[in-house]
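Some notes on the structure that comes next.
Every read-out reported here was derived from the displayed coordinates using simple, explicitly stated rules and does not represent laboratory data. These numbers were taken from a predicted model, which means no experiment stands behind them. Neighbour counts run over all protein chains shown; Cβ positions are idealised from the backbone, glycine included.
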């Protein structure tokens, strides 16, 4: 067994390239090894702005011998009628180095063919690796590639060196004008010379001696630790931002944070503006005091420790000073024009081709949000919703949002307050974007939540209607995130309205613009597609807390009332731990299966007690009558646990019914009456879940 080191060294890669390219390199290597029959052990990846690398354990020196079945010509084409071999038979025998009589016959869908078992000897792995590694480099995808010199090959940035070692032996790999060897580079400034790697196990420690922390997890831990030290030095608390940490992580090979300051006069700008200015343009970390108030300090991360930290900090401060001055200019200029005066400009801003302008979308959001307020019993919020919904997209026309799209909503809130709008209107403008992600907070007020729902539903329905639904690899308009936000908003805020009715209202509002579009009629209908799309988001969203089959059972019973759906899931999941759950589930599943098969041929009607002939079915009907009203009352009160508690005791009576009674009796009247009895039982627990979806032992 031997180790393999494969490193590609280049000019500095953009930070966003490093991790995806590392993942792709590992994937390509695994696929190449599989195709070449090279067995290997664990793979460890390394990445910095100047290198991506793999160290692979447990590679065998030689691939295993294998026996393959090689198919030749058809028997009909290979032999004469008397069995004499024809040319195809003799040629095939020669190719596999066997006498014709040693060839075997195999039956295929196309008929009988000649075949032979051919042994393919294993090869030395060192002979196979050049092709495997060379293919990895050639196939490695980059968001953008570059060419250099007069070569045709392209890479993410100009390639400078390749290290390829199998044990202590160099693997010959050539890409463009670069040949592999055993020499790598350390830190660009602290260790500019070449470093010789004797064997793969020396790689990480050799780079650390050359001031490069190539292990991503180690470098991240070092960065986080040093940021904490710098924050303490600045008497502040670091604003947590994992995304910024990940970005800075791949901008440096040896993180060295330094603390700088900016002018306190800028603290009268909204804190989000200051944070975004520091983050987006400069990759600086922001600090707060003990009360959570933004401090006029920042942490910048350098790739190199410097002798004069003060001089380094001065440079960071000078660059930021210009950025904050620009931000103040945008802020002051934007406030000269009230938000409502920007409304006409939205008519000139196209939203999506085929769905009208941003002004038209704003009108739909406002109308749909007020409709949702009525459906959710929040009619008292109509005035706030109407005003806020009219202004929610106006900040798109401001200089600040043009510079920092991430500040949508934030600047709308600030400019609304400056323009004298009521606080609840300003808050709704900001909160209609919440939640922005899976872990983001929900709106604190109903107005923002309902406007946000309307915005997302309009996007979902409109984009599905013009055929722009997400694909497996592409979600250009973040519709998956929009659907998850709809779910979290409705359940988190406890809105009890029909999702189907909300989609109908959205479709009605979109009617005029869709009529003018060239979109083909959707098949299946748009509402069905969107409902299924939202339903598909429920499974992964709830999958960590609940069994997959329980989720399927509850979702299959309907998701029109999302709050009720979640309550039903919680109630049913609580029953999973019961010792008798498996048997009960099997019993009710049997009921559901019979109803599903037979109910279509049976008209819906009350059970006729006079046609109950067997004691078991009489007793079951009596027990159903006892709990029917209580179950319906519990469901009406959203007490799904209580409804299940009423239904579950029917289990033994149903079992006895199945043991004693022939449901599919020859007498049609008896058969239909028994099916109706099962339909009534199925209706009792079917409002909670479709038990036929539950995996249980019979």
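Report the normalised scattering of region 511-613 as log10 I(q)/I(0) at q = 0.10, 0.16, 0.21, 0.23 Å⁻¹, calculated by the Debye formula with identical scatterers on the alpha carbons.
Here the Debye-derived log intensity ratios amount to -0.49, -0.93, -1.15, -1.23.
Set the Förster distance to 60 Å, then compute FRET efficiency between residue 578 and residue 31 from the Cβ-Cβ distance, nearest 0.05.
Numbers: r = 47 Å, r/R0 = 0.78.
Efficiency at R0 = 60 Å is approximately 0.80.
Pull out a ≥ b ≥ c, the square roots of the eigenvalues of the alpha-carbon gyration tensor of region 430-513, then state rounded if a/c is under 1.5, prolate if not and a/b is larger than b/c, and oblate in the remaining case. Don't skip to the end; give the middle numbers.
Details: a/c = 1.98, a/b = 1.23, b/c = 1.61.
Oblate, since a/c reaches 1.5 and b/c is not below a/b.
Once you treat every alpha carbon in region 66-120 as an equal point and sum by Debye, what is log10 I(q)/I(0) at q = 0.15, 0.17, 0.18 Å⁻¹?
The computed values of log10 I(q)/I(0) come out as -0.37, -0.47, -0.53.
Per residue of the chain, what 222 nm ellipticity follows from adding -39500 (n - 2.57) for every DSSP H run with n ≥ 4, rounded to the nearest 500? Could you put the intermediate results ahead of the total?
Working: 26 runs with 341 residues, N = 698.
Calculated from helices alone, the mean residue ellipticity at 222 nm is -15500 deg cm²/dmol.
Please say if region 406-552 is rounded, prolate or oblate, where rounded means a/c under 1.5 for a ≥ b ≥ c the square roots of the C-alpha gyration tensor eigenvalues, and otherwise the choice is prolate for a/b larger than b/c and oblate otherwise? Intermediate results must be reported in sequence, preceding the final value.
Numbers: a/c = 1.91, a/b = 1.25, b/c = 1.53.
Oblate, since a/c reaches 1.5 and b/c is not below a/b.
At a 10 angstrom cut-off on C-beta neighbours, averaged per residue, how do the peptides 484-491, 319-326, 556-563 rank from highest to lowest?
Working: 484-491: 20.8, 319-326: 15.2, 556-563: 17.9.
Highest mean packing first, the order is 484-491, 556-563, 319-326.
Could the peptides 31-43, 616-628 be put in order, highest first, of the mean number of other beta-carbon atoms found within 10 Å of their residues? Could the numbers behind the result be given before it?
Working: 31-43: 15.3, 616-628: 17.5.
Put in order of decreasing packing, that is 616-628, 31-43.
Over region 565-693, what is the mean sequence separation of C-alpha contacts under 8 Å (at least six apart), divided by residue count, expressed as relative contact order in percent?
Numbers: 116 pairs, mean separation 57.1, N = 129.
The value is 44 percent.
Can you bin the chain into rounded, prolate or oblate? Criterion: square roots of the alpha carbon gyration tensor eigenvalues sorted a ≥ b ≥ c, rounded for a/c under 1.5, prolate for a/b above b/c, oblate for the rest.
Values: a/c = 2.15, a/b = 1.09, b/c = 1.97.
Taking the square roots of the gyration eigenvalues as a ≥ b ≥ c, the chain is oblate.
If I take R0 = 51 Å and measure r between the Cβ atoms of residue 347 and residue 633 in this structure, what FRET efficiency does the formula 1/(1 + (r/R0)^6) give, to the nearest 0.05? Let's see the in-between values first.
Details: r = 53 Å, r/R0 = 1.04.
Step by step, r from the Cβ atoms, then E = 0.45.
Once both labels are modelled 7 Å past Cα along the beta-carbon direction, what's the residue 67-residue 560 spacing in nm?
Label-label distance for residue 67 and residue 560, simple model: 6.4 nm.
Once each part is reduced to its C-alpha centroid, what is the distance from region 209-242 to region 573-625 in angstrom?
That distance is 63 Å.
Starting from the 7 Å offset along Cα-to-Cβ, what nm value, one decimal, do you get for the label separation of residue 481 and residue 669?
Reported label-point gap for residue 481 and residue 669 is 6.6 nm.
Where both partners of a DSSP beta bridge lie in the chain, what percent of those bridges are antiparallel, to the nearest 5?
Of those bridges, close to 95 percent are antiparallel.
For region 315-382 and region 41-103, what is the centre-to-centre distance using only Cα atoms, to the nearest Å?
64 Å
Can you figure out the FRET efficiency of residue 625 with residue 601, using R₀ = 30 Å and their beta-carbon distance, to the nearest 0.05? Walk me through the numbers on the way to the answer.
Details: r = 25 Å, r/R0 = 0.83.
Given R0 = 30 Å and the Cβ-Cβ separation, E is 0.75.
Using 0.36 nm per residue, how much length does the chain from residue 240 to residue 150 gain when fully extended, once their Cα-Cα distance is taken away? Walk me through the intermediate numbers first.
Values: separation 90, 0.36 × 90 = 32.40 nm, distance 4.58 nm.
Here the answer is 27.8 nm.
Round to a whole angstrom and tell me the spacing of the C-alpha centers of region 485-557 and region 402-456.
23 Å
Full-extension gain between residue 179 and residue 100, please, as 0.36 nm times their residue separation minus the C-alpha to C-alpha distance. Spell out each step's value before the answer.
Numbers: separation 79, 0.36 × 79 = 28.44 nm, distance 4.80 nm.
Value of the extension gain: 23.6 nm.
Give me the number: length gained by fully extending residue 90 to residue 474, i.e. 0.36 nm times residue separation minus the C-alpha to C-alpha distance, one decimal in nm.
On the way: separation 384, 0.36 × 384 = 138.24 nm, distance 5.35 nm.
Once the chain is fully extended between residue 90 and residue 474, it gains 132.9 nm.
Which residues among region 112-140 fall inside the zone where the amide N is under 20 Å from a point 7 Å beyond the Cα of residue 80, along Cα→Cβ?
Inside the label zone: 114.
Which order, highest average first, do 668-676, 359-367 follow once you tally other Cβ atoms within 10 Å for each residue and take the mean per peptide? Write down the numbers at each step before the final one.
Numbers: 668-676: 18.8, 359-367: 21.7.
Sorting 668-676, 359-367 by mean packing, highest first, produces 359-367, 668-676.
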